[in-house]
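The values are calculated or read from the model by the stated rules, or taken from the named source; none is laboratory data. What you see is a predicted model, and the numbers here were worked out from it, not measured in a lab. Note: ideal-geometry Cβ built from the backbone for every residue, glycine included; neighbour counts use all protein chains shown.
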Amino acid sequence: MCGVAPTATGSQTPISTFTNAKTAQECLSDCNSNASCQSFIFGMVDSTIKCELFSVPAAQVPTQSSANLVVYDKACSSIPAVQPTTANPQGLANGAAQNQNGGQTSQSGGQTSSSQPTQGQQGANQKQNKRATCGAAPSGSGTAQPIDTPANIASLDACIAACKANASCKSVEFGKLTANGPDVCRFFDVPAAQVPKATDGQSFQVSDVGCA
């Protein structure tokens, strides 16, 4: 689990709490310095940045009292170096991109050339969105498996939004595992076109992360 809200129901407590970590990457450094640390939560609550280490995987970290806190496994491949703000209390990378673009807009022409790759990237993203699979029935023939199933997701749009906070998530599947079962949100690390077809009794929609 990488940059999503913790959802476990256990009674695990932090093995250590730090106030010097200003970004999730700095919190990871604290985790790496502790041989018992397997995961950590990070975010800003009441204007205070929290970094708490746990001796269990992120999937076993209990639900927190604040939605501003997200959990990371120690092995997550992409952990943002973004300081939380009121608008982005979790310090997620997508919030940093918005702030950075805003900063470039307000700065002098000396950095005009540095904004050009961003424009090129936007064009690439637009092309990617045109090819994206959005809200279709899964049709892949492979054996891709979900990398995460976050709880308390009530819609496809909310599922996509949660996917964007996970660096490994490329597409989502939202719907029912059984005809009368609850809706579930599942993350995949492959494009939506490669998510396997639903089996009998299942009802799913798949979307690439760029759809919403």
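Here are some notes:
- For Ser155: the one exception among (1) surrounded by 15 or more Cβ atoms within 10 Å (Cβ to Cβ); (2) closer than 27 Å to Pro62 by Cβ; (3) among the hydroxyl-bearing types (Ser, Thr, Tyr): (1)
- Only a single item in (1) at pLDDT 90 or above; (2) within 16 Å of the chain's Cα centre (by Cα) is not met by Val45, and it is number (2).
- Test: residue in the range 37-57 that is crowded, with 18+ Cβ neighbours inside 10 Å and at positive phi: yes
- Options Gly175, Gly181: the member that is surrounded by fewer than 23 Cβ atoms within 10 Å (Cβ to Cβ) and on the phi > 0 side of the Ramachandran plot: Gly175
- Hits in the range 52-97 (condition: at pLDDT 90 or above, touching a Lys or Arg at 6+ places or on another chain (Cβ under 7 Å) and either farther than 10 Å from Phe42 by Cβ or not hydrophobic (A, V, I, L, M, F, W, C) (or both)): Gln83
- Per-region count, the range 17-33, residues more than 19 Å from Ser78 (Cα to Cα) and either touching a Ser or Thr at 6+ places or on another chain (Cβ under 6 Å) or buried (at least 18 other Cβ atoms within 10 Å of the Cβ) (or both): 1
- The strands (runs of 3 or more DSSP E) located wholly in the range 1-72 include none with 3 or more residues which are touching an Asp or Glu at 6+ places or on another chain (Cβ under 7 Å) and of a type outside the set (S, T, N, Q).
- In the range 132-167, the residues that are within 23 Å of Val82 (Cβ to Cβ) and touching a Ser or Thr at 6+ places or on another chain (Cβ under 7 Å): Ile147, Pro150, Ile160, Ala167
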